[in-house]
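Q: I have a structure here, written as structure tokens, and I will follow up with some questions on it.
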Amino acid sequence: MQLKIGEIARFEIAYRLRRASTWFFAVLLIVLPLVVLQALASEPQHLNSPLSTATAVALIAMVGMLVTAAIFGDAATRDADTGMRPLFYTAPLGKLEYLGGRFLGALVVNAGLLFFIPIGLLLGTFLPYGDVTFGPFIPGAYIEPMLTFALPNLIFTAAILFTVAALTRSTLPAYLTAVGLFIAYLVGVQWARSLASRELAMLFDPFGSIVIQHLTGYLSPVEKDTVRLGLPPILLFNRLLWLAIGGAV
């Protein structure tokens with residue numbers, strides 16, 4: 001079974017890398033950080049501080065759900081659209097191998113695309129932003145939020161969007177679900193602020209922006225320029241919870 005899943009995943013990766021849309025998404029994920037940096041230019045801390053970078057990565061990854069919807073929607077429905085799906089099921093290939101390979105291949109490609117986000121953020125430090133100041137370059141400030149926010153969020157959202165597309169055999173519901181998740185999250189952020197328990201509010205945050213706000217709200221401006229978020233227990237529990245939900249889906 002592992003061999004079959006691996007072969008399908010490799011085919012999916014090779015197919016996606018040949019598509020012009022994949023490289024368009026790469027350019028998009030380089031340009032988006034430049035826009036987000038402009039929006040964050042009013043913040044008092046350094047624009048490339050670890051906390052500013054983590055906030056930007058979490059925000060861009062949420063907007064990037066549309067890219068995820070495109071990649072996973074295509075992976076789940078392409079053979080249905082071309083009428084090839086029945087042929088796959090005539091071979092000694094189960095649904096788990098077929099869909100698992102598609103999902104894994106799309107996940108590898110989308111995860112690779114996410115690493116264009118820190119490239120865009122790094123390039124943004126060379127652009128003029130008025131009176132905004134930049135601190136020293138800290139490699140961990142770019143790598144850490146990719147591992148704690150962007151990639152876990154990708155697995156969670158990809159599971160949902162791939163499932164929706166596979167069940168409906170259409171990419172449009174995947175796009176609508178991505179938009180719905182984003183809108184629901186904005187509503188959920190407002191609801192979470194009314195919770196008496198900060199820990200509960202942070203656990204219920206599937207994308208991590210509430211966690212960042214709560215964990216850094218007590219820091220002084222000087223600390224916000226230098227402190228890295230790391231992986232405190234509440235953030236670890238949050239990530240494990242939503243990864244488990246994505247895995248269940």
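Q: What dipole magnitude, in Debye to the nearest 20, does the chain give about its Cα centre under +1 on Lys/Arg Cβ and -1 on Asp/Glu Cβ?
A: In total the dipole reaches around 620 debye.
Q: Based on the Cβ-Cβ distance from VAL31 to THR125, what FRET efficiency comes out when R0 is 22 Å, to the nearest 0.05?
A: With R0 = 22 Å, the Cβ-Cβ based efficiency is 0.90.
Q: Taking the Cα centre of the chain as the origin and placing charges on Cβ (Lys, Arg +1; Asp, Glu -1), which of PHE149, PHE162, LEU66 is farthest toward the positive end of the dipole?
A: Most positive-ward Cα: PHE162.
Q: Any chance you could list P(r) for the range 93-182, counting all Cα-Cα pairs in 10 angstrom bins from zero, rounded to whole %?
A: In order of increasing distance, the bins hold 13, 35, 27, 17, 7, 1 percent.
Q: At 222 nm, what helix-only mean residue ellipticity would the chain give, in deg cm²/dmol to the nearest 500, using -39500 (n - 2.57) for each DSSP H run of four or more?
A: Rounded to the nearest 500, it is -24000 deg cm²/dmol.
Q: Then there is this: With every protein chain kept in the model, how would you rank ILE212, ILE245 by accessible area, 1.4 Å probe, largest at the top?
A: Sorted descending by solvent-accessible area, the residues read ILE245, ILE212.
Q: Can you check what the net charge comes to around ILE71, using other residues whose Cβ is under 13 Å from the Cβ of ILE71 (Lys, Arg +1; Asp, Glu -1)?
A: Its environment carries a net charge of +2.
Q: Can you give me the span-like helices of the chain, meaning DSSP H runs with 15 Å or more of Cα extent along the axis and Kyte-Doolittle mean at or above 0.0? Don't jump to the answer; show the numbers that get you there.
A: Values: long enough: 2-18 (24 Å, -0.12); 20-39 (29 Å, 2.19); 50-63 (20 Å, 1.84); 65-82 (24 Å, 0.48); 95-114 (28 Å, 0.97); 151-168 (25 Å, 1.89); 172-192 (29 Å, 1.53); 233-248 (22 Å, 1.44).
Flagged H segments are 20-39, 50-63, 65-82, 95-114, 151-168, 172-192, 233-248.
Q: Take the Cβ-Cβ distance between ALA14 and ALA39 as r, set R0 to 25 Å, and report the resulting FRET efficiency rounded to the nearest 0.05.
A: E between ALA14 and ALA39, to the nearest 0.05, is 0.10.
Q: Calculate, in nm to one decimal, what LEU195 and ARG169 gain on full extension: separation in residues at 0.36 nm each, minus their alpha carbon distance.
A: Between LEU195 and ARG169, full extension yields an extra 5.5 nm.
Q: Per residue, what accessible area does the chain have, given a 1.4 Å probe and all protein chains present, in Å²?
A: Working: 12140 Å² over 249 residues.
That works out to 49 Å² per residue.
Q: OK, next. Could you check how much of the accessible area of the chain is carbon and sulfur, as a whole percent, using a 1.4 Å probe?
A: On the way: 8780 of 12140 Å².
Heavy-atom surface of the chain belonging to carbon and sulfur, 1.4 Å probe: 72 percent.
The values are calculated or read from the model by the stated rules, or taken from the named source; none is laboratory data. All figures in this text were calculated on a predicted structure; none of them were measured in a lab. FYI the Cβ positions are ideal-geometry reconstructions off the backbone, even for glycines, and counts take in every protein chain you see. Quick note on the areas: whole protein, heavy atoms, side chains included, nothing else; ligands and nucleic acids left out. Shrake-Rupley method; radii C 1.70, N 1.55, O 1.52, S 1.80 Å.
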